[in-house]
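Structure first, commentary second.
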Amino acid sequence: MITYENIDVVFDDFHALPDFNLTIGEGEFFTLLGPSGCGKSTALRTLAGFIDPTAGEVYVDGARVTNLPSQRRQIGMVFQNYALFPTMTVRENIGFGLKVSGVSKAETTRRVDEIASAVELDSVQLGKGVTELSGGQQQRVAIARALVLRPKILLLDEPLSNLDAKLRHQLRGQLKELQEQFGITTVYVTHDQDEALTMSTRIAVMNKGRIEQVGTPQEVYMHSATEFVCNFIGDANRLATGTVAALSALPRGVRGTAALNPASASYLRVERVGLHAPGGKADDGGARLTLPGTVRARQYHGVYSSYRVELDVRDGGTVKGIIQETRHRGFAPGDRVDVSIDPADVLQYPGADAQGAAQVPALTQLAPLPSGASQ
Amino acid sequence: MNISVHKMLRSPLFLVVAAVLLWFSAAFLVWPNLRLLGEVFMPNGEPTFRAFERLGSSRRAMDSLRNSFLLAIVLSVTVNLVGVFIVLVTRYFAIKGARVLYLGYATTLIYGGIVQVAGYKIIYGEHGFVTNLLAGAFPDMDRTWFTGMAAVVFVMTVAGTGNHLLFMTNALARVDFQTVEAAKMMGASTWRVLLTIVLPTIRPMLYAITILTFLGGLGALAAPQVLGGTSFQTITPMILTFANSPSSRDLAATLALVLGVSTMVLLAILNRMEKGGTYFAVSKVPTAMKKQKIANRWANAAVHAAAYLLLAVYLVPPLLIVLFSFTSASAISTGTLAWESFTLKNYALVFSDYEAFWPFLVSLGYGAFASITVVAGMLFVARLLQKYRNRVTAFIEFVLHIPWVLPSTLIALGLIIAYDHASWIMGNVVLTGTVALLGITYVILKIPFTLRMLKAAFTGVPDQLEEAAAILGAGPLTTFRLVLLPVVAPTAAAIAALNFNSLLDDYDTAVFVAHPLYQPLGIVIKNATGEDTLNDATALTFVYTVLLMLITATTMWLVYGRPSAGRRRKPKAAEPAGTAVEPVTTRN
Ligand SMILES: Nc1ncnc2c1ncn2[C@@H]1O[C@H](COP(=O)(O)OP(=O)(O)OP(=O)(O)O)[C@@H](O)[C@H]1O
Ligand SMILES: [Mg+2]
């Protein structure tokens, strides 16, 4: 549906997107995710036609649109601040595109009413000025305005970033529902990993203008392709050399251990760290390595607590693990605990300089998303 | 947004505006000033410094130069002293009746320029009302007591404090009050807090105001001309005298050049300082200012007394003018203001006699024409400059700021010199002596302020609005008309109103270029001050003055003073904020 082919974007002497390639399928909710300044908006705005790439082509539905002006690309867009026209009413805002393209008054009214009811704006709200609306209503106006021209693609550039946390959560759901209802191909930009994981069909994680990994939310979380992705998404422990050495010294034959390389950067997601009272349950048949340690700090989060545990093993460093606040009364700093680690959960990346080569993490298994605390 | 020259040239809208702009800048902003330079350095086609020699040997010219700098320096001190004082007593210290004080001091905002000078002369001058009263009591007194440097400094000090009221008040409001609270908690006295925390914080603003004051003194025309007497003439009145005779026009041009170069140097310094940054908004949660009590009883009493004394100084002339506008000239000159002598005849005359109304009509006409033209034109230009940022537009913007850098006297003189004969650049039309020239000059003078304000207004409009319109299919013109224009409309209206205001009582420019049959109010009012006795022409002046004050006060209130609550209902548009923030912008 959408293809970026060897796109280059250069501002003055700053190379914002070097050789950018990406394909997005029909009906996908596709998210560009990355830290601030990594070029997400640039990629999106290139697709919208606001930025002329210095090289490369953009295709939509197989047709080259690289030099087509924005309004002829059949794209709708929801801007970060919604960019609602402040001097117009809600109805005028939604009908603006129809008005400038010369659609008759009656037809405009009909189509505005239709799209307004689809996004659940009532006739009273349609008559209001846009500044009299709440943040959530403004978002719906922005979406209605973008969709009323029946575009093939909907672009959203951090539409939730200006809202408070509670509203953000609520609108996230509404946005996703609307997208599913219209079935429209959507490209979404965010730097919020939570948003990306919960809403997307697929995610492209970007860093410094380059795509680090493209995949489903599970893929990028569980099989982070690069050290950057692993660090950017979720919360991971970088394991100290002593711990990695202990892990790779586990008897062979136990699944997965063969490939652990003590020299590589090794990570373990916090929810994969098992924490037990000393001598407590020894679970799944010796597949896990158990290391004794001392709790150094506890942080209470409500749903769960996180613990920083210093491992006894030489050069073992500390690991962070979490325990859900169900009936467990938790540990206090100074308590002795056993830390258990499944070597199969360890993500490994060759040295930072060779990062580009690390297309596949050393080993992992496909597992369901962590049920607990990462959210 | 950084759009290349290449892409810019593809926009037809840009090409049209650019063509008009280029011609306009060349014909009105660049060429006249080059001609003026030519008049100074090459009067006969050969390079020479004769004009400077002639200037050096003219005692009057050299005196006027010395007097101008003296005036500028003295005013920098007096205006700052009085200005800081009135702002502090109205906004910083807890003074009883601060609101009344503020309104009283603020009369200087609606009562300035030639109107104010004429008013002072009519009241304190040789045949003035107060002088008459005094002479009745002390027959031996010098009737010309209100003449010379002291009188000029006095009048210009009162007028100059308007800048403090507008800008220092604003700066003071933006001082983070938490810093004051913190200092007091550490034991600093009110006085100490003021000297070490508050004033240093607004120091950049004070510097800026000082430079504006200095420039005002340097280029002063009306006050020294009317009140300076023979002993205290300054550069600009001298330029005017020299310009009126063809044989000394080169002297006028040379003096104007000296004035222009001094102005440019000072403005360069001012710009430097502006870039040096301000101290505002360090704190994320600024606390609103709370008025400070003066703890010492005696100091408190003294400050109160001084504040109310100043109030009287500010208020007496405009109040008397209002009073006089309702009386007959004979009643004023004899000093017998009885109840019966009050009448509405003067007003009736202005509104019924075509001849009496004519100057008013001329001023309204020029003001309306120039303020609307310049705003309409600059709307397009400001947008282009703000949107396309490259070397070409930077150069255009620079050229458009020429009227900001040069004194208006120099601009007017340049125009007269350049277009007193057929010139191909103007299509062989002679402008000097025509009705059109004053209108054109007004437009030119208002360009920098208008451009800066409109550019700021457009900068406040997020780019996303335009992109949203573009993606919905609107072309650049449609977007401009339907989306951008409504957003900046309130600012544009405010700018037009401020321009209109300042042009309405203009004297300094009109006296150089006005057509003899189309003389605006400023000139008529000035001429009335030349009369030896108070007659019915002076009474008309009072009516003009009162009407001007009314119009100006209304505009000021609409632009600055209106509470924003009344505007809730309408869909929100950008407010004309910022019109009162930047002193540099308001020059001219
Ligand atoms: N018009 C421009 N001129 C020059 N540099 C630009 C321009 N637009 C963006 N950049 C630079 O390109 C880089 C990518 O910008 P972009 O806006 O795409 O980042 P982003 O990923 O959307 O970041 P954010 O999450 O902060 O919105 C940034 O380093 C930015 O400074
Ligand atoms: Mg962005």
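Centroid-to-centroid, using Cα positions, region B:292-341 and region A:180-234 are 74 Å apart. Along region B:343-349 the Karplus relation, 6.51 cos²θ - 1.76 cosθ + 1.60 evaluated at θ = phi - 60°, assigns HN-Hα couplings of 7, 9, 4, 4, 5, 4, 4 Hz to successive residues, with x for each Gly and Pro. Equivalent ellipsoid of chain A: semi-axes from √(5λ) of the C-alpha gyration tensor, largest first, are 47, 25, 15 Å. Solvent-accessible surface of protein heavy atoms, probed at 1.4 angstrom with all chains present, puts A:Lys166, A:Lys40, B:Lys455, B:Lys291 in the order A:Lys166, B:Lys291, B:Lys455, A:Lys40, largest first. Within the accessible surface of the protein assembly as shown, defined with a 1.4 Å probe on protein heavy atoms only, the carbon and sulfur portion equals 60 percent. Projected label points at B:Arg389 and B:Arg66, each 7 Å from Cα along the beta carbon direction, are separated by 5.0 nanometres. Label-to-label distance, A:Ala263 versus A:Gln170, with points set 7 angstrom from Cα along the beta-carbon direction: 5.6 nm.
The figure for B:His401 is an accessible area of roughly 30 square angstrom, using a 1.4 Å probe on the protein chains alone. Rolling a 1.4 Å probe over the protein heavy atoms leaves A:Met88 with an accessible area of roughly 20 Å².
Considering only protein heavy atoms, with the full assembly of protein chains and a 1.4 angstrom probe, order A:Glu26, A:Glu325 by accessible area, largest first.
A:Glu26, A:Glu325
Residue by residue, region B:64-72 carries 3J(HN,Hα) couplings of 5, 4, 4, 4, 4, 5, 4, 4, 4 Hz when phi is fed to the Karplus relation 6.51 cos²θ - 1.76 cosθ + 1.60 (θ = phi - 60°); x denotes Gly or Pro. Computed from the C-beta positions of A:Thr23 and B:Met426, the FRET efficiency with R₀ = 56 Å rounds to 0.35.
Based on the Cβ-Cβ distance from B:Ile269 to B:Val435, what FRET efficiency comes out when R0 is 35 Å, to the nearest 0.05? Given R0 = 35 Å and the Cβ-Cβ separation, E is 0.35.
The gain in end-to-end length when the B:Ala137 to B:Leu517 segment is fully stretched comes to 132.5 nm, 0.36 nm per residue minus the alpha carbon separation. Taking 12 Å as the cut-off, the amide N atoms of region A:1-23 that come nearer than this to a point 7 Å along the Cα-to-beta-carbon line of A:Thr54 belong to A:8-19. The equivalent ellipsoid of the protein assembly as shown has semi-axes of 70, 34, 28 Å, largest first, where each one is the square root of 5 times an eigenvalue of the Cα gyration tensor. For region A:2-228, the number of Lys pairs with C-alpha atoms closer than 28 Å, counting only pairs eight or more positions apart or on separate chains, is 13. Under 5 Å from the amide H of A:Arg296 lie the amide H atoms of A:Arg308, A:Val309, A:Glu310, A:Gly334, each residue being 5 or more positions distant or on a separate chain, with H modelled from the backbone and absent for Pro and chain starts. With an a/c value of 1.5 or above and a/b not larger than b/c for the gyration tensor axes a ≥ b ≥ c computed over the alpha-carbon atoms, region B:291-379 is described as oblate.
Quick one: grab the alpha carbon gyration tensor of region A:114-193, order the square roots of its eigenvalues as a ≥ b ≥ c, and give me rounded if a/c is under 1.5, else prolate or oblate depending on whether a/b is larger than b/c. Here region A:114-193 falls in the oblate category. Reported to the nearest whole Å, the Cα centre-to-centre distance from region B:360-374 to region B:418-480 is 16.
When only the heavy atoms of the protein chains count and the probe is 1.4 Å, how do B:Met426, B:Met149 rank by accessible area, highest first?
B:Met149, B:Met426
So if R0 is 25 Å, what FRET efficiency would B:Val316 and B:Ala537 give, r being the distance between their Cβ atoms, rounded to the nearest 0.05? Calculated value: 0.65. Considering all alpha-carbon pairs of chain B, what whole percent are spaced by more than 39 angstrom? That fraction is 33 percent.
Measuring how big region A:1-158 is from its alpha-carbon positions, Rg and Dmax come out at 17.0, 50 Å. Between the amide H of A:Glu28 and those of A:Thr186, distances stay under 5 Å, these residues lying 5 or more places away or on another chain, with hydrogens modeled in the peptide plane. For region B:1-140, the square roots of the Cα gyration tensor eigenvalues, ordered a ≥ b ≥ c, give a/c of at least 1.5 with a/b no greater than b/c, which places it in the oblate category.
Taken along the Cα-to-beta-carbon direction at a fixed 7 Å, the label points for A:Thr3 and A:Arg336 span 6.4 nm.
Other protein chain C-beta atoms within 10 Å of residue C-beta, averaged over A:90-97: 3.
The values are calculated or read from the model by the stated rules, or taken from the named source; none is laboratory data. As the structure is a prediction and not an experimental result, all values here were calculated from the model. With ideal geometry, Cβ positions are generated from the backbone for all residues, glycine too; neighbour counts draw on all protein chains shown. Each accessible area value is taken on the protein alone, full model and side chains, heavy atoms only, with ligands, DNA and RNA left out. Shrake-Rupley method; radii C 1.70, N 1.55, O 1.52, S 1.80 Å.
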